[in-house]
Amino acid sequence: MNKKLILGIRLLVPLLITVSMGTLIFILHAFKRMSFNWDVMLVATLLVYLIFEMDRRVVNYLYQKNPHSNGLGSRFLLPLGLSFLLADTLILIFYTPFKLYQIAQGANDSFHPIYILTMSLQVFFLVLAANAINQSIFLIQRWQEETLRAEQLEREKTQAILNSLKHQISPHFLFNNFNTLYGLIAEDQDLAGEYLLKLSGLYRKVLQNQEEVIPIEEEIQAFKDYLFLLKIRFADDVQISYSLHFEKEEAFFIPPLSLQTLLENAVKHNYFDENIPLQLQLQRNANRIELCNNLHPLLDEVENTFGIGLDNITARYALLSDEEVRVTRTAQSFSVSLPLLTIQNTSL
């Protein structure tokens, strides 16, 4: 609850109660020609404020002392009873001399047990109203705090899972490239050396990037850098076409290494050579980006195996957004469509 709203309630409600009580007493005594007394009104207002403040402190103290208790007695009856005893005692201590002074000055009033009982009843109803208001304020604040705590825990949980997935995908990226490098060493050691230098530069960027999402322009550039590495080994056995267009004012994001992982999977799970090249197409479709490749699965590939990389991407998107990763497989092609995220549709 807003602090200004709470302060407004603490200031206005006791004042309204005092004015209402004073108005009611004035009306009830109108036939006795009762005159309005500012001194009495001021003292009554201060006492009502004292009762409300005392009850607020009692409620806060009991909540802090036993924050996990939800029983009717400890949560509601105990603060009500304790506030009433304290308030009634203080009222009698401070208000009694004031009342006796008025009587000594000639006020048409008396001081007897019925008066004490009447005052105690008035104090009780004031404490009851104060306790209801203070308990409501505190319960709303507690509910808001628990809601914020639950959201914080959920964010921390999501962050931990994302970090785990990131730690998973980076070695996956590295190990796949080491396999490529191993095959390249046997064919051309000079080319393998060049490949290793390019790979180290690209992987350095991977390690330096600690964001959950990055601008799509950065991801596309990293994709092209990785494709350059593949071209060192496979030359024209891997072919690609682009159909990408982004306006300057558009701000789209994507989990890092997503496109490179899809490219890795296409290379890893398909057979291709100079006669049957791996044909790739990277294109934008509305608010999605799609990588499609012709399908020539290896003989030992299980039909519906997409690899750990695609599972990782899907899991990261599930944590970041309600948008889904779409996978389309036909007899001739395999495509993965990734949502382009914005600040509005990203949960982090």
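Assorted remarks:
- Checklist (1) exposed (fewer than 12 other Cβ atoms within 10 Å of the Cβ); (2) at pLDDT 75 or above; (3) of a type outside the set (S, T, N, Q) applied to K65, failing item: (2)
- Lone qualifier among K248, K205, K224 - being assigned to a loop (DSSP other than H, G, I, E, B) and either within 23 Å of A266 (Cα to Cα) or of a type in the set (K, R) (or both): K248
- Qualifying residue in segment 224-239 (condition: without any contact (Cβ under 8 Å) to a residue 12 or more places away in the chain, under 24 Å from A286 (Cβ atoms), of a type outside the set (S, T, Y) and out of contact with any helix residue (DSSP H, G or I) (no Cβ under 6 Å at 6 or more places or on another chain)): yes
- Residue check for F98: modelled with pLDDT of 70 or more and of a type in the set (F, W, Y): no
The values are calculated or read from the model by the stated rules, or taken from the named source; none is laboratory data. None of the values given here were measured: they were computed from a predicted structure. Note: ideal-geometry Cβ built from the backbone for every residue, glycine included; neighbour counts use all protein chains shown.
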